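Report on the structure given below.
The values are calculated or read from the model by the stated rules, or taken from the named source; none is laboratory data. These figures come from a predicted structure and were not determined experimentally. With ideal geometry, Cβ positions are generated from the backbone for all residues, glycine too; neighbour counts draw on all protein chains shown.
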Amino acid sequence: MKLSKMHLKTLREVPSEAELPSHVLLLRTGMIRKLVSGVYGFMPLGWRTLKKIEDIVRDEMDKTGAQEILMSAIQPSELWQESGRWFAYGPELWRLKDRHGREFCLGPTHEEIFTDIIRNDVSSYRQLPLNLYQIQTKYRDEARPRFGLMRSREFIMKDAYSFDRDQEGLDKSYQEMYEAYEKIFTRCGLTFRPVEADTGAIGGSNSHEFTAISEVGESEIAYCEHCHMAATTERAEVTDAAPQDDIEMLPLEKKLTPGTKTIEDVANFLELDKKQTIKALLFVKYDDEGNKDGYVAAFVRGDRELNEIKLVNALGIPEHAIEFADESEMSQATGCVGGFTGPMGLHDCTIVVDSELPGLKNMCAGACEEDHHYINMNYGRDYEGDIIADIKTLLEGDPCPVCGAPVKHARGIEVGQVFKLGTKYSEAMGAYYKDENQEEKPIVMGCYGIGVSRTMAAIVEQHHDENGIIWPMSVAPYHVIISLVKPGDETQAKVAEDIYEQLCAAGVEVMLDDRDERPGVKFKDADLLGIPVRITVGRGAADGVVEYKLRRDAEKEELPVAEAIAKAIEIVNSEK
């Protein structure tokens with residue numbers, strides 16, 4: 001492609017709304033174009049890269065035997081009501097009505113649609129297993145769309161769904177997808193880590209998130225260098241402190257603790273280790289109609305951090321159905337006192353106790369009375385919980401739940417996730433098959449998503465420098481850019497055209513920068529666009545010499561034209 005004929009608009013200034021490097025660079029290169037907040041279009045170069053990512057995904061999916069289809073993004077509410085997710089998915093579900101008042105949503109995912117297909121088309125065990133997938137535009141009404149393609153309201157996703165006879169079949173399908181994802185993200189040039197993850201609104205039993213390592217990522221992962229433990233902090237289990245069975249319970253005492261509203265304050269005032277205190281966090285719940293549906297008091301050890309995802313899972317409610325309570329309102333209903341709330345004296349609320357608290361003796365907690373705390377509080381004797389569960393966050397330095405070594409934290413970008421759905425959707429929606437004995441059994445499902453457009457942004461986050469993008473060959477919009485220094489020079493123009501024709505004939509994707517621009521502008525654009533190989537045709541053209549440079553390297557070299565062509569063809573074929 002000749003740049004003189006290409007629709008290309010690069011920007012010299014950093015767009016004011018862009019924060020992350022990927023957002024800045026994809027806008028500056030003109031690869032994406034903002035329509036409104038969280039909604040982007042793809043311009044010629046960006047679309048070429050996006051299609052290459054899609055092609056890698058499609059190639060690896062097809063190799064597993066998965067079959068590609070395409071379903072509508074508009075989904076009737078009835079199917080979501082059947083599965084129970086019309087409310088559970090929350091306010092991110094983009095709801096709409098047609099002129100007749102019938103409710104629909106713009107699909108953020110397609111479990112219901114694919115389950116509906118299978119329940120209508122599959123009746124016998126002989127038709128299983130199956131794996132269907134699509135690459136399609138999805139919609140989520142994000143409250144705060146940000147970071148360009150990282151968290152947008154419209155995005156491109158590959159979603160696949162496996163259908164098996166039993167758990168053993170699901171395990172096999174899940175492993176096939178897991179391995180396919182490893183190949184996909186490796187081919188895209190990403191440094192990534194698969195980690196155990198929470199299933200969220202999708203549901204199911206097990207899940208792994210594929211996280212592209214990046215300091216700007218929204219996912220936080222905990223991992224151990226001494227074993228294979230790796231999980232999102234939302235999912236990571238925490239080892240409880242050893243039960244203090246050999247410690248005698250002391251008499252409960254109420255202490256005056258004026259002004260000590262924080263764990264640190266009360267621990268300092270009473271000269272206690274924070275591990276001897278109990279922290280209270282207060283929430284209000286909402287029902288399916290968005291009305292208040294009671295209060296929740298969650299308790300963890302004073303030096304711990306509450307994990308809200310674990311809390312909502314323990315309560316069996318969606319994440320959007322809970323928020324921090326107004327302490328004054330909750331006080332009237334439950335007897336809590338802001339800054340001095342403990343598990344004793346509460347009423348008319350759900351008390352959730354972290355799993356390690358019952359084993360700890362002689363703890364300090366709020367007395368539900370202004371300026372007072374209890375010491376020597378013990379589970380069973382002085383208080384009890386309605387729910388006991390691990391609701392704490394695995395912090396950096398905490399012992400690994402598998403081997404006990406200190407865990408480390410890293411940040412990353414979620415680019416894919418795989419789920420074992422089991423029979424969650426098939427039972428809810430009546431997707432059954434008849435086995436060899438003509439007995440009806442629910443189809444066992446898995447689902448597997450890749451954020452295609454988000455993967456594009458993740459690649460840029462990992463592959464850029466101060467001058468622009470550095471595309472891996474496999475996803476670069478073009479493999480080679482030829483920078484013609486003086487388009488009006490007949491010798492230079494002829495050499496550039498000859499290189500262009502030979503590379504195109506060899507199957508190399510080439511950009512020829514034949515614009516009437518200063519050389520400095522051309523070099524800056526070449527670096528900004530991140531094309532892997534640059535061949536500069538300048539003064540040496542008369543002697544059959546050009547400059548050859550890889551975008552990822554600082555070094556340049558002067559080479560005969562034929563050698564430059566051969567090197568370009570070799571590296572493209574070995575890396576694309």
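Within the range 558-569, is there a residue that is surrounded by fewer than 18 Cβ atoms within 10 Å (Cβ to Cβ), aliphatic (A, V, I, L, M) and over 40 Å from the mean Cα position of the chain (by Cα)? Looking through the range 558-569, at least one residue is surrounded by fewer than 18 Cβ atoms within 10 Å (Cβ to Cβ), aliphatic (A, V, I, L, M) and over 40 Å from the mean Cα position of the chain (by Cα).
Residue check: GLU466 meets all listed conditions (1) crowded, with 19+ Cβ neighbours inside 10 Å; (2) over 22 Å from the mean Cα position of the chain (by Cα) but one, namely (1).
Within the range 27-41, take every residue that is without any contact (Cβ under 8 Å) to a residue 60 or more places away in the chain and assigned to a strand (DSSP E or B) and give me the one that is surrounded by the most Cβ atoms within 10 Å (Cβ to Cβ).
Let us first name the residues in the range 27-41 that are without any contact (Cβ under 8 Å) to a residue 60 or more places away in the chain, namely 30, 33-36, 41.
Those still in the list that are assigned to a strand (DSSP E or B) too: 33-36, 41.
Values: ARG33: 14, LYS34: 16, LEU35: 10, VAL36: 9, GLY41: 11.
The selected residue is LYS34.
In the set VAL24, VAL57, VAL14, only one residue is under 26 Å from ASP141 (Cα atoms), without any contact (Cβ under 8 Å) to a residue 40 or more places away in the chain and not aromatic (Phe, Trp, Tyr); that residue is VAL24.
Here GLU92 meets each of (1) in contact (Cβ under 8 Å) with a residue 24 or more places away in the chain; (2) touching a strand residue (DSSP E or B) at 6+ places or on another chain (Cβ under 8 Å) with one exception, condition (2). The criterion of being farther than 16 Å from GLY544 by Cβ, in contact (Cβ under 8 Å) with a residue 24 or more places away in the chain, touching a Pro at 6+ places or on another chain (Cβ under 8 Å) and of a type outside the set (A, V, I, L, M, F, W, C) does not hold for SER474.
When each of ASP171, ASP116 is tested for being surrounded by 19 or more Cβ atoms within 10 Å (Cβ to Cβ) and over 19 Å from the mean Cα position of the chain (by Cα), the lone residue that passes is ASP116. Filtering the range 95-125 to residues that are in a strand (DSSP E or B) and in contact (Cβ under 8 Å) with a residue 40 or more places away in the chain leaves only SER124. Counting only strands (runs of 3 or more DSSP E) that sit completely within the range 372-459, those holding 2 or more residues that are crowded, with 23+ Cβ neighbours inside 10 Å correspond to 372-377, 408-422, 444-451. Taking every residue in the range 313-325 that is of a type in the set (Val, Ile, Thr) and pairing it with any residue that is part of a helix (DSSP H, G or I), at least 6 positions away or on another chain, the pairs with Cβ-Cβ distances below 6 Å are ILE322/VAL312. In the set GLU82, GLU54, only one residue is assigned by TED's automatic domain parsing to the domain that holds MET429, touching a Gly at 6+ places or on another chain (Cβ under 9 Å) and either surrounded by 13 or more Cβ atoms within 10 Å (Cβ to Cβ) or among the charged types (D, E, K, R) (or both); that residue is GLU82.
Pairs meeting the criteria (first residue in the range 373-384 and in contact (Cβ under 8 Å) with a residue 12 or more places away in the chain, second residue small (Gly, Ala, Ser) and surrounded by 21 or more Cβ atoms within 10 Å (Cβ to Cβ), beta carbons under 6 Å, at least 6 apart or on different chains) are HIS373/GLY366; HIS373/ALA367; TYR374/ALA365; TYR374/ALA367; MET377/ALA365.
What about ARG515, is it buried (at least 16 other Cβ atoms within 10 Å of the Cβ), on the phi < 0 side of the Ramachandran plot and within 32 Å of the chain's Cα centre (by Cα)? It is false that ARG515 is buried (at least 16 other Cβ atoms within 10 Å of the Cβ), on the phi < 0 side of the Ramachandran plot and within 32 Å of the chain's Cα centre (by Cα). Flag set for GLY366, criterion: at pLDDT 95 or above and in contact with a Phe, Trp or Tyr (Cβ under 9 Å, 6 or more places away or on another chain). Scanning the range 1-32 for residues that are farther than 22 Å from ASP513 by Cα and in contact with a Gly (Cβ under 8 Å, 6 or more places away or on another chain), which turns out modelled with the lowest pLDDT? The residue in question is ALA18. Filtering the range 460-477 to residues that are of a type in the set (A, V, I, L, M) and assigned to a loop (DSSP other than H, G, I, E, B) leaves ILE470, MET473, VAL475, ALA476. Out of all the residues in the range 59-67, is one or more surrounded by fewer than 18 Cβ atoms within 10 Å (Cβ to Cβ) and closer than 19 Å to ARG153 by Cβ? No: the range 59-67 contains no residue that is surrounded by fewer than 18 Cβ atoms within 10 Å (Cβ to Cβ) and closer than 19 Å to ARG153 by Cβ. Evaluated against (1) of a type in the set (A, V, I, L, M, F, W, C); (2) surrounded by fewer than 19 Cβ atoms within 10 Å (Cβ to Cβ); (3) within 26 Å of ILE184 (Cβ to Cβ), VAL572 falls short on exactly one condition, (2). Of the residues TYR500, TYR432, which is more than 30 Å from ILE569 (Cα to Cα), among the aromatic types (Phe, Trp, Tyr) and either in the same structural domain as PHE155 (by TED's automatic domain parsing) or touching a residue at least 12 places away in the same chain (Cβ under 8 Å) (or both)? TYR432 is the lone residue from the list that is more than 30 Å from ILE569 (Cα to Cα), among the aromatic types (Phe, Trp, Tyr) and either in the same structural domain as PHE155 (by TED's automatic domain parsing) or touching a residue at least 12 places away in the same chain (Cβ under 8 Å) (or both).
Is the range 248-256 home to any residue that is surrounded by 18 or more Cβ atoms within 10 Å (Cβ to Cβ) and either small (Gly, Ala, Ser) or part of a loop (DSSP other than H, G, I, E, B) (or both)?
No, every residue in the range 248-256 fails to be surrounded by 18 or more Cβ atoms within 10 Å (Cβ to Cβ) and either small (Gly, Ala, Ser) or part of a loop (DSSP other than H, G, I, E, B) (or both).
Among the residues that make up the range 155-170, is at least one of them part of a helix (DSSP H, G or I) and of a type in the set (S, T, N, Q)? The answer is yes, given that some residue of the range 155-170 is part of a helix (DSSP H, G or I) and of a type in the set (S, T, N, Q). Could you go through the range 200-209 and let me know if any residue there is assigned by TED's automatic domain parsing to the domain that holds LYS434, polar (S, T, N, Q) and modelled with pLDDT of 95 or more. No, the range 200-209 has no match at all.
Tell me which residues, restricted to the range 271-312, are under 29 Å from the mean Cα position of the chain (by Cα), of a type in the set (Gly, Ala, Ser) and surrounded by 21 or more Cβ atoms within 10 Å (Cβ to Cβ). Selection gives ALA298 alone.
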